[in-house]
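No lab work stands behind these numbers, since they all come straight from the coordinates. Since the structure is predicted, the reported quantities are computational estimates derived from the model, not experimental observations. All Cβ positions, even for glycine, are placed from backbone atoms using ideal geometry, and neighbour counts span all protein chains on display.
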Amino acid sequence: MFLSIQAMACSSLSHPTDAELFAGAKAVFRARVTEAKLAKFGNPSNPSEVVEVVEAKYEIREVYKGTPLASGVVRDLPFGPGNCSLGLMPGMEYVFYPDKNDMVLIFSGSFGYFNADGTEVKPKLEALRTLAESK
């Protein structure tokens, strides 16, 4: 249930800017997912509470802030309408803003894309490079 609390924030009235999300993140990086699988994940505050998550291995494409996770794995909720999941899929590229549990839900700032040179994506990646240079 601890993840459902996070998912509720997806519909939150608060909409931080990209700059605010970047400033609050411990790490921000672009990566290509190479493998995804279902796994059990225990609530760090309550180990008896276990939920199913998607764990995805990735290859780094570009680092904007901090250090990518030493584990080389990010976590997401299994894809479902309205649950703030990215829908991690092997072969897709993403920009990840992992939280302290390596979760990368949509409200964190994380997003996926098909084409890094696309008209919507390219400006977002350039904005991240600008934020990285200004830190």
- [ ] Treat the count of other C-beta atoms within 10 Å as a stand-in for reagent exposure and order D18, D99 from fewest to most.
- [x] D18, D99
Task: Spatially proximal lysines relative to K57 (Cα-Cα < 18 Å; intrachain offsets below 8 disregarded) - done: K37, K40, K100
- [ ] Run down the aspartates and glutamates and flag those whose C-alpha is under 18 Å from the C-alpha of K124, throwing out any fewer than 8 positions away in its chain.
- [x] D18, E20, E62, E93, E133
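Assign unit charges at the C-beta atoms only (+1 for Lys and Arg, -1 for Asp and Glu), then state the dipole size of the chain relative to its Cα centre in Debye, rounded to the nearest 20. Working shown, then result.
Details: 14 positive and 16 negative charges, 42 e Å.
The dipole of the chain has a size of about 200 debye.
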Open item on the list: If you filter the range 31-134 for trypsin sites (Lys or Arg not before Pro), then keep DSSP loop positions with at most 13 other Cβ within 10 Å, what is left?
Closed with: K100
TODO: Just rank T119, T130, fewest to most, by other beta-carbon atoms within 10 angstrom.
DONE: T119, T130
Task: Karplus 3J(HN,Hα) series, Hz, for the range 93-98 with 6.51 cos²θ - 1.76 cosθ + 1.60 (x for Gly, Pro) - done: 9, 9, 9, 10, 10, x
- [ ] With label points built 7 Å along Cα→Cβ from the Cα atoms of F79 and I60, find their separation and express it in nm.
- [x] 2.8 nm
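What 222 nm value per residue comes from the helices of the chain, counting each DSSP H run with n ≥ 4 as -39,500 (n - 2.57) and dividing by all residues, nearest 500 deg cm²/dmol? Kindly include the intermediate steps, with their values, before the conclusion.
Values: 3 runs with 28 residues, N = 135.
Taken over the chain, the calculation gives -6000 deg cm²/dmol.
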Open item on the list: Suppose R0 equals 22 Å. What FRET efficiency, 1/(1 + (r/R0)^6) with r the Cβ-Cβ distance, do E20 and S45 give to the nearest 0.05?
Closed with: 0.30
Open item on the list: Just to confirm the number: angle between the C-alpha axis of helix 121-134 and the first principal axis of the chain, 0 to 90 degrees, nearest 10?
Closed with: 80 degrees
